[in-house]
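Okay, so here's the structure we're looking at.
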Amino acid sequence: MADQLHLNAFVFPAGHHEAAWRHPSTQPERIHDADYFHQLARTAEDAAFDAVFVADIPALTSNVAYNAVGGLEPITLLASIAAATSRIGLIATASTTYYEPYNLARLFASLDHLSKGRAGWNVVTTVSEVVAANYGLDVHPDPTDRYARASEFLDVVTKLWDGWDEDAIVLDRATGRFADIERIHPADHTGPLFHVRGPLDVPRPPQGRPVLVQAGASNQGRSFAARFAEAIFTAHQRLVDGQAFYADIKDRATRFGRAPSEIVILPGICPFIGDTDTAARELEREFNELTVPEYGLRLLEQLTGVRLCEAALDKPVPQELFHDAGDVTDNARSRLQVVAGIVQRERPTVRRLLHRLAGARGHLAVTGTAEQVADTIEEWFRNGAADGFNVMPPFYPGGLELFASRVVPLLRERGLFRAEYTGSTLREHLGLSRPRSRFANEAHVTAAGA
């Protein structure tokens, strides 16, 4: 367990509640305005959050009819945020299925340079099948093929990031030599899926490599994360489930020869905060009453493959919708399992389930006072379920401002969270070491052998 909590602000246009854009406290007219995102990032930075995180699906989904979705490209957005901030980390989602290694390695190396070492990459293989047609594919690749590509993709990208030795730039004005080409190494990668010569046209990133983040919770996703990830975003409803995931990932990391401390585990938390428990629940009710049932029913259909009609809203959720959710030993559909657990434990009506998912999409939802939110965070942190949290305010900008002004001071009083930044890079915020270049390792081995 880490000595202190880590907190990310998961930036989602108007807020994580699906009806946030309809509430008068939000500003949906600003969700394509750089100044809006600068404001959110500065709020998180003023509270000494580790990072802001931007998710991405490179397609316009059908739910745009009922929600303020359709986002700015995340690496471009974070480059803009980098210029408006100075310390907070910048984590962008990008797909190994729909990028090429050289292009993505160059983009993240550039972001790391421009931000002076604050870049992180949320590595995804992309679940959404609608993306394929945007990239000239007739069929979205299956999970096994996507993870095979992702593994080789990571190998290529790290070779490219490591291509320039730390002292490759000599900057010798007297002789006219800018760089020592003997200290710049081509990737020369030839594999089943990629043939990439390299090297990059930018030096090694300030962090050595941008921080690698992953969010898959299936068995394949867990193994991939345990091998590569330095931070993991995950979703759990109960402490016991968080503890099981935490222990499993740390154990898998050990089997890959990694120290458990090399991976920071960050479940999502969606807090509705009020002066009293009653006020918080009233605020949540206001948002839930603004939901459009058609929107939630579409999402439930995407998850289960079964279409329910609005006439079923006040009937119990059919148990058979989740017959193929699997269990902890067969969790290929991990988010379906999370929702299945809610249904099995709570036996909700369809309307109640849609409201449960409206704010957090299966992540932990906490409704109450700042003290109650802080209590939940402390319980998970002290009991081996989390190294910190991916904070998912139900509405922006006010939800983040409430968390920063009310919950963060309580966490500091309890000795759980920093009062100010002690480092300048995302790796330093997360307590992660700067990775040694593979080419430096090879040179060391060669010299030792000689």
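Just a few scattered comments:
- For the range 401-440, backbone nitrogen atoms closer than 16 Å to the point 7 Å from Ser25 Cα along Cα-to-C-beta are found at 401-408.
- Given their separation in residues at 0.36 nm each and the Cα-Cα distance between them, Thr76 and Glu282 gain 70.4 nm when the chain is fully extended.
- The range 1-131, relative contact order [Cα under 8 Å, separation at least 6], %: 25
- Extension gain, Lys315 back to Arg438 (0.36 nm per residue minus Cα-Cα distance, nm): 38.5 nm
- Kyte-Doolittle mean at least 1.6, axial Cα span of 27 Å or more - DSSP H helices of the chain: none
- Bridge type composition, the chain - antiparallel percent by DSSP, nearest 5: 15
- For the range 177-246, the relative contact order works out to 19 percent when only alpha carbon pairs closer than 8 Å and six or more residues apart are counted.
- Mean-square fluctuations from a GNM of the chain, with a 10 angstrom spring cutoff on Cα atoms, peak among Gln302, Gln220, Gln27 at Gln302.
- Counting 0.36 nm for each residue step from Asp167 to Ser424 and taking away their Cα separation leaves a gain of 90.4 nm.
- Working from Cα pairs under 8 Å separated by at least six residues, relative contact order for the chain is 24 percent.
- Separation of alpha-carbon centers, the range 189-258 and the range 410-428, rounded to whole Å: 24
- Taking Cβ atoms as reference points and 12 Å as the exclusive limit, the residues near Arg418 contribute a net charge of -2, counting Lys and Arg as +1 and Asp and Glu as -1.
- Annotation: lysines with alpha-carbon distance below 27 angstrom to Lys250 (same-chain offsets under eight excluded): Lys159.
- Placing a pseudo-label 7 Å from each Cα along the Cα-to-Cβ vector at Ala247 and Thr175 gives an inter-label distance of 5.9 nm.
- Residues Asp46, Asp275, ranked from the fewest to the most other C-beta atoms within 10 Å, line up as Asp275, Asp46.
Each value in this text was obtained by applying a stated rule to the coordinates, not by laboratory testing. Computed from a predicted model, the values in this text were never measured in an experiment. Glycine also receives a Cβ, built like all others from the backbone with ideal geometry; neighbour counts cover every protein chain displayed.
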